[in-house]
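Here is the structure we will look at.
The values are calculated or read from the model by the stated rules, or taken from the named source; none is laboratory data. Please read all numbers here as calculations on a predicted model, not as lab measurements. Because the Cβ atoms are built from the backbone with ideal geometry, glycine has one as well, and the counts that use them run over all protein chains shown. Ligands, DNA and RNA are stripped out before the accessible areas are found, and what is left, the full protein with its side chains, is counted by its heavy atoms. Shrake-Rupley method; radii C 1.70, N 1.55, O 1.52, S 1.80 Å.
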Amino acid sequence: MTTIINEIGKVTSQGIFAIYGQEVNPADILITPTKKEHQGDYTIVTFSLAKLVGLAPPQIAAALGEYLKEHFSIVDQIEVIQGFLNVSLSPAYWISVLEGMHKDNDFWKPKHTPEKVVVEFSSPNTNKPLHLGHIRNILLGWSTYKILTVCGHDVTRVQIINDRGIAICKSMVAWEKYSNGITPEEAGLKGDHFVGDWYVRFEIEFAAEYAAWQNTPEAQQLFLNRPKKEETEKDFFKNYKNTYFNSISSLGKEARDMLLSWESGDTEILSLWRRMNNWVYEGLDVTYASLGVEFDKLYYESKTYLLGKDIIDKGLREGVFYQKEDGSVWIDLTDTGLDHKLLLRKDGTSVYMTQDVGTVEKRYEDTGAQRMIYVVADEQNYHFEALFAIMKKLGMPYADGLFHLSYGMVELTGGAKMKTREGTVVDADDLIEGVIEEAEIAASEREMRDSETIRKIAMAALKFFIIKVDPKKRMTFDPKASVDMQGQTGPYIQNAYVRIVSILRRIDKPNSSYEGYVLNADEKMLLNMLDQCRDIIDDAASGLSPALIANYTYALAKEYHRYYHDVKVLHAESDEARAFRVHLIRLIADVLRNTMDLLGIEMPERM
């Protein structure tokens, strides 16, 4: 089913050709809902046609109006105001629109040619809990999965867990040195928070060690001999921190030695590593359950970090890559607007790019995916540009289907009171808890006590507030504003749905026929918005932008709230009006519920 605006544009284009012999793309014809002060449902703007056909806009509008009345059966009346052609569609057409939607439960769904798609999102580290940035990542990834699935695609949800490296070893060293063997259960903490606290403890101890070292004669001599004489002592030691960690620090040595032991397969270190990682996994699962997300397949960096070497070797033999005199392997990407990219170090060890080249090939082997979507923050834009360029140069069959769903940083509003574990990063669990507290405060003002409903409201507040912003834009999350029943929020949309459900619960007699009912302007607007749903979802799927659906759903809820205040349903002025409006609001409720589900948001039955 094509939206009525598209249909009007198509027939108008045919009219321009029939009358003036000029071809015009229907998409280039401006058609808008008619302003309320004028008669009509839709307005065709003809000013842009004046130069093309050499006539004044009012003449063009009048001629097109006559053509539409003669050749488009659903056009009932026309009105020409200067270069604006206002078109009124027949009551029978509007009834047929409602009938069509009522008979087809899937009228709101786009229909794509099915593809196998992989969506990677979340991808946490096992040295700390999920944070505010992960929340945006997860919500975008989950909504992308839902949108593509409803379009008919076979979507596999994956994450790669960063479970190895020096950061992981820092947590392990701190727990061994300072914990006295305490467990998360004994500490009364979620496993991911528990391990994250030991990572923070390492950084605190290291900072103290580094501060003390800076006052030693060795450190002061290094400062005096610094290459950049204009560099201040503060800046020098700030820039020297990594060198100190890698070459002087005793804590740094312990962490580096532990990493070497892990890579050599030391059984005791591997046992500790597995134990602490399992604590983190248990904690992450709780957070994922709170957000209502799950994964089909997990990849672990500890298993994938060596992947890609064989592909690099093959590419080197085929001349896709080149080797420098020191033995390192590179690729020249300057023809794509990038630079030369390292694939293997001179000692033959892999880099992140090596791993990612291997992982994408492994996922293709596992799923046969034609498209792979990476939900990763915009700070990694260059990395993915390079990865995708490399796969194209290797001639991989899926190379054109790789996509980076890049998103901007999310911050917390300055007025929000949320706990942080590292001074600047808000943990996901604390954010969820904070939003629930805001929802509880708002609910208490309305004497709402049902905890499950409050949870649904809180999660709608959190999810909608984040998803409604275009992924490419940076954003600030405001917990208090997110639960506002009068703002552009999830609870506002839930309230529209609950109002409809409340009306439908009170239906006490069968619906009569609505044949012959003449719609008012608001009802035409609502039907037109329902008719647009499929196209909005289609655009969101094509552009991988769940924000389009969020903003559409808000607009529909806003229009319904206005309709609710202005029009009676159960006590309508006639049986025909009552029957029509019951069918209409039931469709609105279905679309609100289905589109919010695409954002991962549940609808309560009462509020």
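The single residue among Glu605, Glu559, Glu576 that is at pLDDT below 95 and within 30 Å of the chain's Cα centre (by Cα) turns out to be Glu605.
The listed residues are Asp347, Asp366, and the only one of them that is of a type outside the set (A, V, I, L, M, F, W, C) and under 26 Å from Trp262 (Cα atoms) turns out to be Asp347.
Which residues, counting only those in the stretch 87-127, are at positive phi and either touching a Cys at 6+ places or on another chain (Cβ under 7 Å) or surrounded by fewer than 23 Cβ atoms within 10 Å (Cβ to Cβ) (or both)? It would help to see each step written out before you state the result.
From the stretch 87-127, those at positive phi are 122-123; that's our starting set.
Correct list: Ser123 only.
For the stretch 50-87, a residue qualifies if it is in a helix (DSSP H, G or I) and under 40 Å from the mean Cα position of the chain (by Cα), but none of them does.
So, of the residues in the stretch 453-477 that are open to solvent by 10 Å² or more (accessible area, probe 1.4 Å) and assigned to a loop (DSSP other than H, G, I, E, B), which turns out to be nearest to Asp427 (Cα to Cα)? The extreme case among them is Arg474. Applying a threshold of 7 Å to beta carbon distances and a minimum spacing of six or more residues, or different chains, the list of pairs starting in the stretch 429-447 at a residue that is over 14 Å from Ser482 (Cβ atoms) and ending at one that is charged (D, E, K, R) reads Asp429/Lys190; Asp430/Lys419. There is at least one residue in the stretch 389-400 that is touching a Lys or Arg at 6+ places or on another chain (Cβ under 8 Å), assigned to a helix (DSSP H, G or I), without any contact (Cβ under 8 Å) to a residue 60 or more places away in the chain and open to solvent by 10 Å² or more (accessible area, probe 1.4 Å).
The selection criterion, being within 25 Å of Ile166 (Cβ to Cβ) and without any contact (Cβ under 8 Å) to a residue 24 or more places away in the chain, holds for Ser328. Within the stretch 509-522, residues that are more than 17 Å from Val87 (Cβ to Cβ) have Cβ atoms under 9 Å from residues that are open to solvent by 60 Å² or more (accessible area, probe 1.4 Å) and of a type in the set (Val, Ile, Thr) in no pair, counting only partners at least 6 apart in sequence or on another chain.
On the stretch given as the stretch 351-372, residues that are surrounded by 22 or more Cβ atoms within 10 Å (Cβ to Cβ) and either of a type in the set (Ser, Thr, Tyr) or under 15 Å from Lys116 (Cβ atoms) (or both) total 5.
Looking at (1) at pLDDT 95 or above; (2) within 32 Å of the chain's Cα centre (by Cα), which is the one condition that is false for Ser328? Only one criterion in (1) at pLDDT 95 or above; (2) within 32 Å of the chain's Cα centre (by Cα) is unmet by Ser328, namely (2). Against the list (1) at pLDDT below 95; (2) out of contact with any strand residue (DSSP E or B) (no Cβ under 8 Å at 6 or more places or on another chain); (3) of a type in the set (Gly, Ala, Ser); (4) under 25 Å from Met529 (Cβ atoms), the condition Gly40 fails is (2). Restricting the stretch 542-569 to residues that are hydrophobic (A, V, I, L, M, F, W, C) and not in a loop (DSSP other than H, G, I, E, B) leaves a set whose member that is nearest to Leu140 (Cα to Cα) is Ala547.
Report whether or not Arg581 is in contact (Cβ under 8 Å) with a residue 40 or more places away in the chain, open to solvent by 20 Å² or more (accessible area, probe 1.4 Å) and assigned to a helix (DSSP H, G or I). In short, no. Condition (residue is buried (at least 16 other Cβ atoms within 10 Å of the Cβ), assigned to a loop (DSSP other than H, G, I, E, B) and modelled with pLDDT under 95) applied to the stretch 5-22: is it met by at least one residue? Looking through the stretch 5-22, none of the residues is buried (at least 16 other Cβ atoms within 10 Å of the Cβ), assigned to a loop (DSSP other than H, G, I, E, B) and modelled with pLDDT under 95.
Residues of the stretch 124-142 include at least one that is at pLDDT 95 or above, among the aromatic types (Phe, Trp, Tyr) and within 21 Å of Val375 (Cα to Cα).
Across the stretch 324-347, the qualifying residues are those that are over 19 Å from Gly358 (Cα atoms) and among the polar types (S, T, N, Q), and the one among them that is surrounded by the most Cβ atoms within 10 Å (Cβ to Cβ) is Thr336.
On the basis of being touching a Lys or Arg at 6+ places or on another chain (Cβ under 6 Å), open to solvent by 60 Å² or more (accessible area, probe 1.4 Å) and more than 30 Å from Glu205 (Cβ to Cβ), does Asp296 make the cut?
Working: touching a Lys or Arg at 6+ places or on another chain (Cβ under 6 Å): yes; open to solvent by 60 Å² or more (accessible area, probe 1.4 Å): yes; more than 30 Å from Glu205 (Cβ to Cβ): yes.
Yes.
Beta carbons closer than 9 Å, at least 6 apart along the sequence or on distinct chains, pair a first residue in the stretch 591-605 that is more than 21 Å from His102 (Cα to Cα) with a second that is open to solvent by 10 Å² or more (accessible area, probe 1.4 Å) and part of a loop (DSSP other than H, G, I, E, B) for Leu599/Lys468; Gly600/Gly292; Gly600/Val293; Ile601/Gly292; Glu602/Gly292; Pro604/Asp450.
From the list Asn86, Asn105, pick out the single residue that is touching a strand residue (DSSP E or B) at 6+ places or on another chain (Cβ under 6 Å) and farther than 30 Å from Thr359 by Cβ. Talk me through it step by step, then tell me what you get.
Numbers: Asn105 fails: touching a strand residue (DSSP E or B) at 6+ places or on another chain (Cβ under 6 Å).
After applying the criteria, what remains is Asn86.
For the stretch 507-535, a tally of residues being surrounded by fewer than 17 Cβ atoms within 10 Å (Cβ to Cβ) and in a loop (DSSP other than H, G, I, E, B) returns 11.
In the stretch 405-415, what residues are open to solvent by 30 Å² or more (accessible area, probe 1.4 Å) and either under 20 Å from Leu342 (Cβ atoms) or assigned to a loop (DSSP other than H, G, I, E, B) (or both)?
First pass over the stretch 405-415, keeping only residues open to solvent by 30 Å² or more (accessible area, probe 1.4 Å): 409, 411-415.
Within the stretch 405-415, Met409, Thr413, Gly414, Gly415 meet the criteria.
Output the number of residues of the stretch 27-49 satisfying the condition of being in a helix (DSSP H, G or I), surrounded by fewer than 20 Cβ atoms within 10 Å (Cβ to Cβ), out of contact with any Pro (no Cβ under 6 Å at 6 or more places or on another chain) and in contact (Cβ under 8 Å) with a residue 24 or more places away in the chain.
Within the stretch 27-49, the subset in a helix (DSSP H, G or I) is 27-28, 47-49.
Filter once more, so that each one left must be surrounded by fewer than 20 Cβ atoms within 10 Å (Cβ to Cβ): 27-28, 47-48.
From what is left, the residues that are out of contact with any Pro (no Cβ under 6 Å at 6 or more places or on another chain) are 27-28, 48.
Within this subset, residues satisfying the condition of being in contact (Cβ under 8 Å) with a residue 24 or more places away in the chain are none.
Qualifying residue count for the region: 0.
Does the stretch 424-448 hold any residues that are acidic (Asp, Glu) and either open to solvent by less than 20 Å² (accessible area, probe 1.4 Å) or in a helix (DSSP H, G or I) (or both), and which are they? Correct list: Asp427, Asp429, Asp430, Glu433, Glu437, Glu438, Glu440, Glu445. Taken together, the residues in the stretch 249-260 that are closer than 13 Å to Val173 by Cα, over 39 Å from the mean Cα position of the chain (by Cα) and small (Gly, Ala, Ser) amount to 1. Does the stretch 342-357 include one or more residues that are under 30 Å from Asn127 (Cα atoms), in a helix (DSSP H, G or I), touching a residue at least 60 places away in the same chain (Cβ under 8 Å) and in contact with a Gly (Cβ under 7 Å, 6 or more places away or on another chain)? Checked the stretch 342-357: no residue is under 30 Å from Asn127 (Cα atoms), in a helix (DSSP H, G or I), touching a residue at least 60 places away in the same chain (Cβ under 8 Å) and in contact with a Gly (Cβ under 7 Å, 6 or more places away or on another chain). If you go through the stretch 478-506 and pick out every residue that is open to solvent by 50 Å² or more (accessible area, probe 1.4 Å) and not basic (Lys, Arg), you end up with 3.
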